[in-house]
1. For Cys257, all conditions in the list (1) surrounded by 19 or more Cβ atoms within 10 Å (Cβ to Cβ); (2) part of a loop (DSSP other than H, G, I, E, B) hold save one; what is the number of the exception?
2. Has the range 293-308 got at least one residue that is part of a strand (DSSP E or B), touching a strand residue (DSSP E or B) at 6+ places or on another chain (Cβ under 8 Å) and either of a type outside the set (A, V, I, L, M, F, W, C) or closer than 21 Å to Phe135 by Cβ (or both)?
3. Which is outside any loop (DSSP other than H, G, I, E, B), in contact (Cβ under 8 Å) with a residue 12 or more places away in the chain and exposed (fewer than 15 other Cβ atoms within 10 Å of the Cβ), of Leu73, Leu115?
4. Quick check on the range 265-285: of everything there that is among the aliphatic types (A, V, I, L, M) and modelled with pLDDT of 90 or more, which residue is surrounded by the most Cβ atoms within 10 Å (Cβ to Cβ)?
5. Name the residue that is surrounded by the most Cβ atoms within 10 Å (Cβ to Cβ), counting only residues in the range 185-227 that are of a type in the set (D, E, K, R) and out of contact with any helix residue (DSSP H, G or I) (no Cβ under 7 Å at 6 or more places or on another chain).
6. For the range 342-364, does any single residue satisfy the condition of being assigned to a strand (DSSP E or B), within 25 Å of Ala151 (Cβ to Cβ) and modelled with pLDDT of 90 or more?
7. Which pairs have Cβ atoms under 7 Å, sit 6 or more apart or on different chains, and link a residue in the range 1-24 that is without any contact (Cβ under 8 Å) to a residue 24 or more places away in the chain to one that is assigned to a loop (DSSP other than H, G, I, E, B) and buried (at least 21 other Cβ atoms within 10 Å of the Cβ)?
8. I'm trying to understand the selection: among the residues of the range 2-18, which are buried (at least 21 other Cβ atoms within 10 Å of the Cβ) and in a loop (DSSP other than H, G, I, E, B)?
Amino acid sequence: MLTSAYKDLSDRLNRFPQGAPPSELLYRILAMLFSEEEAGLVALLPIKPFTADTAARCWNMGEGAARRILEGLADRAILVDIERNGETHYVLPPPMAGFFEFSMMRTGGSLDRKLLSELFYQYINVEDDFIRELFTRGETQLGRTFVNESAMPDELALHVLDYERASEVIRGASHRAISMCYCRHKMLHLHRACDAPMDICMTFNTTASSLLRHGIARNVDVTECLDLLDAARDHNLVQFGENVREGVNFICNCCKCCCEAMIAARKFAVLHPVHTTNFLPEIDRMQCTGCGRCMDVCPVDALTLTSPEGQRKGAIATLDEDICLGCGLCVQDCPSGAIRLSPRKKRVITPLNGAHRAVIMAIERGKLQDLIFDNRTLWSHRALAAVLGAVLRLAPVKRALALEQVKSRYLEGLIRSFHV
């Protein structure tokens, strides 16, 4: 089953900042989602959005034939199609958040989702190279935590910016869609799912538009989406969404037991795999009764019970600020009202949009050349990507010598933006 087409597709996936480390499990997953012919064709597609005409030239076929293939892939949510000024553009989303999840959101067709769930679990939860690659390389990560607005004290409400509020993402989106939670659906097939709501995964804007167009998700209005957000918080689910300020494409409502972002946040806590909110819980030691409710609800085990030396009362809650997401679940679940949110000393930086985040992640992961020269069917792109990749990996002194030799202001700007 392991053919060059699936290896080529794996290489293509790993040119994007959010890669997928090659392994036998990955090849088996790709073989379930792509035919061998599709894998070979998709491996040739650019990273940036492209038209059917671009794909036709990459594939050396007529535009009509290319469009039929692209539409078939979009129907299965392998590709996302985007309408721009009356013209359809396509993009291959990363495996996560992307076509891995979308494959478990679809409910029809002949895909064996039980087998696929088992492969996903082994590749992501057991083998763990994928999660390590996705959540721990570089300082800029895929996702961030949204603040629990209901847990925010009135005097701090004005300090919460619109992009930090899931409710404002919902209100401001051009499209809103609800589909099945990938993580809990996967765990359901493994008989490990919790009882949190299943149909509560939220997509917005261009991604929602594509999923709605192809019947992968259902359309909801602002009111229903806000109601689902309240239901998620009532079930102590964390809002984990795209790490951008504008054009947020997804918000997952995560449980601590099934959801991979929360599992990664615990497993690799010291590497800060998930961006936090700009707030932290503050515990009133005199009011805390030591009931442990906050420990149970915390998705990343940032709270423990300790007995402070010299204090007469029993154990009280203690926070590890370094791993806390600032989600506020502990605030809403504290029966004695001993916990409140307060601002962090240093604000968390959020990229402007998906393109901004992709460039930053590419720089941090040494993949900037793959974003700039992303058409691998062109010899010139392959050659220039190799040159830029080699220069960016040089030590600072040798990198400066390379600048003198290349004499390219454009390359100089890129390398300076990549400075150590």
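1. Exception for Cys257: condition (1).
2. Within the range 293-308, the first condition is being part of a strand (DSSP E or B), and the residues that meet it are 303-306.
So of that shortlist, the ones also touching a strand residue (DSSP E or B) at 6+ places or on another chain (Cβ under 8 Å) come out as 303-306.
Keeping just the survivors that are either of a type outside the set (A, V, I, L, M, F, W, C) or closer than 21 Å to Phe135 by Cβ (or both) gives 304, 306.
Among the residues of the range 293-308, at least one is part of a strand (DSSP E or B), touching a strand residue (DSSP E or B) at 6+ places or on another chain (Cβ under 8 Å) and either of a type outside the set (A, V, I, L, M, F, W, C) or closer than 21 Å to Phe135 by Cβ (or both), which makes the answer yes.
3. On the way: Leu73 fails: exposed (fewer than 15 other Cβ atoms within 10 Å of the Cβ).
Going through Leu73, Leu115 in turn, just one is outside any loop (DSSP other than H, G, I, E, B), in contact (Cβ under 8 Å) with a residue 12 or more places away in the chain and exposed (fewer than 15 other Cβ atoms within 10 Å of the Cβ): Leu115.
4. Filtering the range 265-285 down to residues among the aliphatic types (A, V, I, L, M) leaves 265, 269-271, 274, 280, 283.
In the following step, the residues that additionally are modelled with pLDDT of 90 or more were identified as 265, 274, 280, 283.
Working: Ala265: 28, Val274: 25, Leu280: 18, Ile283: 18.
Once the filter is applied, the top-ranked residue is Ala265.
5. Going residue by residue through the range 185-227, those that are of a type in the set (D, E, K, R) are 186, 192, 195, 199, 213, 218, 221, 224, 227.
Checking the rest, the ones that are also out of contact with any helix residue (DSSP H, G or I) (no Cβ under 7 Å at 6 or more places or on another chain) come to 192, 195, 199, 213, 218, 221, 224, 227.
Details: Arg192: 14, Asp195: 8, Asp199: 14, Arg213: 16, Arg218: 13, Asp221: 10, Glu224: 14, Asp227: 12.
Applying the filter and picking the extreme gives Arg213.
6. Just the residues of the range 342-364 that are assigned to a strand (DSSP E or B), to begin with: 342-343.
Retained after the next criterion (residues that are within 25 Å of Ala151 (Cβ to Cβ)): 342-343.
From the residues that got through so far, the ones that are modelled with pLDDT of 90 or more too are 342-343.
Looking for residues that are assigned to a strand (DSSP E or B), within 25 Å of Ala151 (Cβ to Cβ) and modelled with pLDDT of 90 or more, one finds at least one in the range 342-364, hence yes.
7. Between residues of the range 1-24 that are without any contact (Cβ under 8 Å) to a residue 24 or more places away in the chain and residues that are assigned to a loop (DSSP other than H, G, I, E, B) and buried (at least 21 other Cβ atoms within 10 Å of the Cβ), the close pairs are Ser10/Ala20; Asn14/Ala20.
8. Phe16, Pro17, Gln18 - these are the residues of the range 2-18 that are buried (at least 21 other Cβ atoms within 10 Å of the Cβ) and in a loop (DSSP other than H, G, I, E, B).
The values are calculated or read from the model by the stated rules, or taken from the named source; none is laboratory data. Computed from a predicted model, the values in this text were never measured in an experiment. Every residue, glycine among them, receives a Cβ derived from its backbone with ideal geometry; neighbour counts consider all protein chains shown.
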